[in-house]
Amino acid sequence: MFGLPGQGMHLRVDALSLLFLAILVPQVAASAIAGMGRSVTFWVFIAGMVCALLAADAFTLIFGFELMSAASWLLVLRGDRGPASLYVGIAMFSAACLVPALFLPAGSLAFVLVLLGAGAKAGLAPLHFWLPRAHPAPPAGVSAVMSGGMVKVALYVIIRYGFVEYGAAAQPWWGAALIAAGAASVLLGSLRAMLEVELKTLLAGSTVEHVGLIAVGLGVALRAKAMGDPALAALALQAALLCAVAHGLFKPLLFLGAGAVKAATGTTSLDWLGGLMRGMPRAGGLMLVGAAGMAALPLGPGFAPEFLLLHAVIGAAGTGGILARIGFTALLAALGLSAALALGAAVRLVGIGWLGRPRSLHAAAAGEAARPVLAGMALLAACCVPVALAPGFVLALMRPVILLLVPAAQPAPLAYAPLWLAVLVFGPAAAAFLLLQKFARRGAREVPVWNGGFGRPPAWLPFGDPLTQPSATGFAAPLRRALSTDLLPAAGDPSEVFLYLPLLRLHMRVTRLAERIRRSTIRERLAFVFGALVMFLLALGLEQGG
Amino acid sequence: MLLFLGSFLATLLHAVLMFALAPLLAGLVATLRARLLGRRGPPVWQPYLALRRLLAKTTLVPETATALYPLWPFVAFAPLAACALLVPGFSTGMITAPLSDFITLIGLLALARAAIVLAGLETGFAFGGAAAARDVLFSVFAEAALLVVLLSFVLLAQRATVDDIATVFASGHVGLSVSLGFALAAILAVALTEAGRIPVDNPAGHLELAMVHEAMLLEYSGRFLLLFEYAAMLRLLVWMSLIGSVFCPFFMARADAPWTWPLGLLCWAAKLCSGAVALAVFEISTAKMRVFRVPEFLSVAMLLGVLAGVFLFVAARIGT
């Protein structure tokens, strides 16, 4: 009935689409519980994603993908008009790349177009500049699914075409291109996450970082597969897919928490928050789970993928030519840098937003998040537990996907054993607790903060002077100063400075030109028509005469 | 079964020694430093007395602290305790050996650091926040350097756990290599940063503005401060054991062969003593750096780590 004439639309389910559907389920359920369930546009958006994941032919895939883009554009438009037009521009660019790519024969040109089209939608550097603007705009439930689910659908397209559809024509440099884009996203995303002050923009920066981590894993896998090293390809794929699963749980959790903060205080700027753990302890505790995942701390949901990815990159550094090896060494340094930056960003989110003293009356008066939002967050946190403590089991479930993508692979068991590690961590902690209970002086006395001997604040400042407490901007200041010379141009993200701002200027110029044409007087229009007629006749006459 | 019993006993002995001797090492360094400066210095067991004093003190909780205030000392201590159980000391082949993956260790150290930084932000006082920001700045460069150094170890040993790396390096197949020299210099810089020693931070400093690790703990007292202080001592011991077992793995005992233990224990003690002497000599011969020099210091470490890797690649190229 629908679809291309004579072909129609077809759906199918295989291991890969099942995995990505499974990634979608918890976050969609959590957003629906948290309040998005009544929005029709939201369900159209979800239907688009499901259609793209289940597509068996190129037309259905494009149909689902564009349905997803259009519905999410409407949802972004509810929040803010500025990023919505940027968003629709990127969506059109991505469609302009994807539509020809999917109908081209398998080859390097088609892959590059897929990478450009789906990569722009996933927020891969250097086309990521729209993501930290557009993802924070809609309501939190939509931001959650956009960051946790929509970028995964774009990555699914890259996986589907890079590994399955074009698998036979794959070249090692495809993987290298994916790794380069991923490494740039990882660095820039974690840097944005560390420097941004708005809570949701910070989380979107972290999304760019995690998309980069997944892309690095996919790139290493693609390169290893093309070079005939299925063991390494399987390891890197395990890292990428587990990272997609974990990120699909903790990032929506963090976005829902940011929405709760917005509802409770009216702002998401960290510079106006502080001490939220007093007013909203439950949401704060759930945010700690998400922050542990975002920072890839051991025993959290984000550590196992990071562990696998670092091992895959170390393994890749032992193969290939000398330049590739040096490149992988640099990649490892970049991954270390961004892992520490992500830790700093998560610590800043928790430490500035939830600990310390309130920086505004709104933050001091914040109340606990609404019950449905807490339920959605708790659902996602509960799903984080198996990923955090039994990643080996999750990887075993993923085995068919890896065999589908790399048929020759023998996925190795995971070397990281979180349950035993938990014994080693919690054993001493419990021992220390019991020993201190037994031998140390009991009880605690509440006293005014010492603060290096500073005087007490006046009575009309119940939480002290907010200016004597480091702000989110101040917390990031040493890093901004240390890195601002070489990595960052003055305005921030290089892709903003070299790509977004020139595009913006071009857009302004074209708009002005169009406006000029629209406002032209009747004489100018007549002159234009007359001039065109003369030119036409002249051309005709010259043709005849010649 | 007998082998397992041997490994288990060795692990137990290792744990007891690690937890019992961590304050002694800190005291040894402090005493040596004082002696080298011409002072008599505190007795070597002074840290034990300091910890006992903290046991008897009342714990004070600042008014502005949130409910998570008592959590951070434990979160800072527990991963370091796990590291102490994972890093080989006098012997290789302990029952915790399969878990001692280098990346797990890096993760555990990061977890402990996150807890200390959050403790600094907890009460919302100025010095703690400033020090927390500095610690995050240092960690960004330190972690990158550490990962690059790890690459050289894994390429040389073809293994990723500290225990296996020590075993392979002890077998002498690797020999002396330029890469290991670079890696040693890089890891020493990272260890000095992580353990909060001069030239990055002064553990004996008393000026709040110049402190990093100590300033984050200024609002902690009593039993919570005890845990933080003990965790810091444990961290120094973990780093010294780690560097000792990777770069000087000779004469280490086998956990399942009890007759090798005495020699291993002696060697471990000798390594720790020489480490303490080296640290004390280094600390009195350099001054503390400005905060914004530290990223440069650590970038040099990262560069040395990359060079170690590049030399390995070139050597492999020439070798084949």
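The values are calculated or read from the model by the stated rules, or taken from the named source; none is laboratory data. The model shown is predicted, which means the values in this text are computed figures rather than measured ones. Note: ideal-geometry Cβ built from the backbone for every residue, glycine included; neighbour counts use all protein chains shown. With ligands, DNA and RNA removed, areas are computed over all heavy atoms of the protein, side chains included. Shrake-Rupley method; radii C 1.70, N 1.55, O 1.52, S 1.80 Å.
Screening A:Val245, A:Val261 for residues that are of a type outside the set (Gly, Ala, Ser), closer than 16 Å to A:Ala366 by Cα and part of a helix (DSSP H, G or I) leaves exactly one candidate, A:Val261.
Number of residues in segment A:492-543 that are polar (S, T, N, Q) and either more than 34 Å from the chain's Cα centre (by Cα) or loosely packed, with under 10 Cβ neighbours inside 10 Å (or both): the value is 2.
Taking the criterion of being open to solvent by less than 10 Å² (accessible area, probe 1.4 Å), at negative phi and small (Gly, Ala, Ser), the residues of segment B:111-128 that qualify are B:Ala112, B:Ala114, B:Ala115, B:Ala119, B:Gly120, B:Gly128.
Per-residue answers, yes or no, for (1) touching a residue at least 60 places away in the same chain (Cβ under 8 Å); (2) under 30 Å from A:Ser39 (Cα atoms):
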site	(1), (2)
A:Gly141	yes, yes
A:Gly148	yes, yes
A:Gly182	no, no
A:Val186	yes, no
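Is one or more of the residues making up segment B:60-71 assigned to a helix (DSSP H, G or I) and either out of contact with any Asp or Glu (no Cβ under 7 Å at 6 or more places or on another chain) or modelled with pLDDT of 95 or more (or both)? Yes, some residue in segment B:60-71 is assigned to a helix (DSSP H, G or I) and either out of contact with any Asp or Glu (no Cβ under 7 Å at 6 or more places or on another chain) or modelled with pLDDT of 95 or more (or both). Do the conditions hold for B:Val212, that is, is it open to solvent by less than 10 Å² (accessible area, probe 1.4 Å), modelled with pLDDT under 90 and of a type in the set (A, V, I, L, M)? Spelling it out, B:Val212 is indeed open to solvent by less than 10 Å² (accessible area, probe 1.4 Å), modelled with pLDDT under 90 and of a type in the set (A, V, I, L, M). Considering every residue within segment A:278-299, establish whether at least one is within 9 Å of chain B (Cβ to nearest Cβ), without any contact (Cβ under 8 Å) to a residue 40 or more places away in the chain and not in a helix (DSSP H, G or I). No: segment A:278-299 contains no residue that is within 9 Å of chain B (Cβ to nearest Cβ), without any contact (Cβ under 8 Å) to a residue 40 or more places away in the chain and not in a helix (DSSP H, G or I).
Scanning for something open to solvent by less than 40 Å² (accessible area, probe 1.4 Å), assigned to a helix (DSSP H, G or I) and within 15 Å of B:Ala189 (Cα to Cα), does segment B:271-278 turn up at least one residue? Yes. Within segment B:282-319, the residues that satisfy the criterion of being aliphatic (A, V, I, L, M), assigned to a helix (DSSP H, G or I) and open to solvent by 70 Å² or more (accessible area, probe 1.4 Å) are B:Val300, B:Leu303, B:Ile318. Looking across segment B:203-223, the residues that are within 22 Å of B:Val136 (Cβ to Cβ) and part of a helix (DSSP H, G or I) come down to B:Glu208, B:Leu209, B:Ala210, B:Ala215, B:Met216, B:Leu217.
Condition (residue is among the β-branched types (Val, Ile, Thr) and out of contact with any Gly (no Cβ under 6 Å at 6 or more places or on another chain)) applied to segment B:83-94: is it met by at least one residue? Yes - at least one qualifying residue is present in segment B:83-94. Look at segment A:248-275: where a residue is among the aromatic types (Phe, Trp, Tyr) and a partner is surrounded by fewer than 21 Cβ atoms within 10 Å (Cβ to Cβ), sitting 6+ places away or on another chain with Cβ atoms under 6 Å, you get A:Trp272/A:Ser360. I'm trying to understand the selection: among the residues of segment B:286-307, which are under 14 Å from B:Ala183 (Cα atoms) and within 9 Å of chain A (Cβ to nearest Cβ)? Passing the criteria: B:Met302, B:Gly305, B:Val306.
For segment B:245-272, name all the residues that are in contact with a Lys or Arg (Cβ under 9 Å, 6 or more places away or on another chain) and without any contact (Cβ under 8 Å) to a residue 40 or more places away in the chain. The one that is in contact with a Lys or Arg (Cβ under 9 Å, 6 or more places away or on another chain) and without any contact (Cβ under 8 Å) to a residue 40 or more places away in the chain: B:Cys248.
Exactly one residue among A:Phe454, A:Phe463, A:Phe426, A:Phe475 is within 28 Å of the chain's Cα centre (by Cα), at the interface with another protein chain (Cβ under 10 Å from one of its Cβ atoms) and within 29 Å of B:Ala133 (Cα to Cα), and that residue is A:Phe475. Checked against the criterion of being touching a Leu at 6+ places or on another chain (Cβ under 6 Å) and charged (D, E, K, R), segment A:465-479 contains not a single residue that satisfies it. Within the bounds of segment A:257-265, is there any residue that is surrounded by 24 or more Cβ atoms within 10 Å (Cβ to Cβ) and farther than 23 Å from A:Pro358 by Cβ? No, every residue in segment A:257-265 fails to be surrounded by 24 or more Cβ atoms within 10 Å (Cβ to Cβ) and farther than 23 Å from A:Pro358 by Cβ. The residue of segment A:315-329 that is farthest from the chain's Cα centre (by Cα), among those that are at the interface with another protein chain (Cβ under 7 Å from one of its Cβ atoms) and open to solvent by 10 Å² or more (accessible area, probe 1.4 Å), is A:Ile322.
For A:Gly274, the stated conditions do not hold, so it cannot be described as in the same structural domain as A:Leu403 (by TED's automatic domain parsing), of a type outside the set (Phe, Trp, Tyr) and open to solvent by 10 Å² or more (accessible area, probe 1.4 Å). Identify the residue in segment B:79-130 that is among the β-branched types (Val, Ile, Thr) and part of a loop (DSSP other than H, G, I, E, B) and, among all such residues, is farthest from the other protein chains (Cβ to nearest Cβ). Filtering segment B:79-130 for residues that are among the β-branched types (Val, Ile, Thr) and part of a loop (DSSP other than H, G, I, E, B), the one farthest from the other protein chains (Cβ to nearest Cβ) comes out as B:Val87. Residues that are exposed (fewer than 13 other Cβ atoms within 10 Å of the Cβ), in a loop (DSSP other than H, G, I, E, B) and of a type in the set (Lys, Arg) within segment A:400-444 comprise just one, A:Arg442. As a summary of the residue check, A:Val197 satisfies the conditions (1) modelled with pLDDT of 95 or more; (2) closer than 26 Å to A:Ser31 by Cα; (3) not charged (D, E, K, R) except for the one numbered (1).
Out of A:Leu504, A:Leu499, one residue alone is in a helix (DSSP H, G or I), under 26 Å from A:Ile90 (Cα atoms) and in contact with a Pro (Cβ under 8 Å, 6 or more places away or on another chain). It is A:Leu499.
Could you give me the residue pairs with C-beta distances under 6 Å whose first residue belongs to segment B:50-72 and is facing chain A (nearest Cβ under 8 Å), whose second residue is open to solvent by less than 20 Å² (accessible area, probe 1.4 Å) and of a type in the set (Lys, Arg) wherever it lies, and which are 6+ apart or on separate chains? Qualifying pairs under 6 Å: B:Thr64/A:Arg357.
Against the test of being open to solvent by 20 Å² or more (accessible area, probe 1.4 Å), within 30 Å of B:Ile284 (Cα to Cα), more than 9 Å from chain A (Cβ to nearest Cβ) and part of a helix (DSSP H, G or I), the options B:Leu3, B:Leu28 yield a single qualifying residue, B:Leu28.
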